[in-house]
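In what follows, a single structure is set out as structure tokens and then discussed.
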Ligand SMILES: [Zn+2]
């Protein structure tokens, strides 16, 4: 029961995320392998996407590599990036 609820919740979150990414115009590039991480320039996909934030160029995508997550956290802490 508990496991099932968790699974349903993450499915909903995933759907919301895809809708949000679609609204930002980055869902298709992510699916097509044409998006890249703002920090390391590695190909960003739905599988390795850690997060995203709005910036001057539109939407910055951040992959889930430890270095990029740390960079994002640093930017959030210093207030250079606001989600
Ligand atoms: Zn990265």
Q. Can you tell me which residue in the range 1-35 is nearest to the chain's Cα centre (by Cα), limited to those that are modelled with pLDDT of 90 or more and surrounded by 15 or more Cβ atoms within 10 Å (Cβ to Cβ)?
A. 21
Q.
Here's a check for you: in the range 72-83, which residue that is part of a loop (DSSP other than H, G, I, E, B) and within 20 Å of residue 20 (Cα to Cα) is nearest to the ligand (Cβ to nearest atom)?
A. 81
Q. Taking the range 44-68 as the region of interest, how many residues are out of contact with any strand residue (DSSP E or B) (no Cβ under 6 Å at 6 or more places or on another chain), surrounded by 15 or more Cβ atoms within 10 Å (Cβ to Cβ) and farther than 12 Å from residue 21 by Cβ?
A. 1
Q | Residue selected from the range 43-71 under the condition farther than 26 Å from residue 11 by Cβ and touching a residue at least 24 places away in the same chain (Cβ under 8 Å), by the criterion farthest from the ligand (Cβ to nearest atom) | A | 58
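The values are calculated or read from the model by the stated rules, or taken from the named source; none is laboratory data. Just so it is clear, the model here is predicted, and its values are computed rather than measured. All Cβ positions, glycine included, derive from the backbone under ideal geometry; neighbour counts span all protein chains shown.
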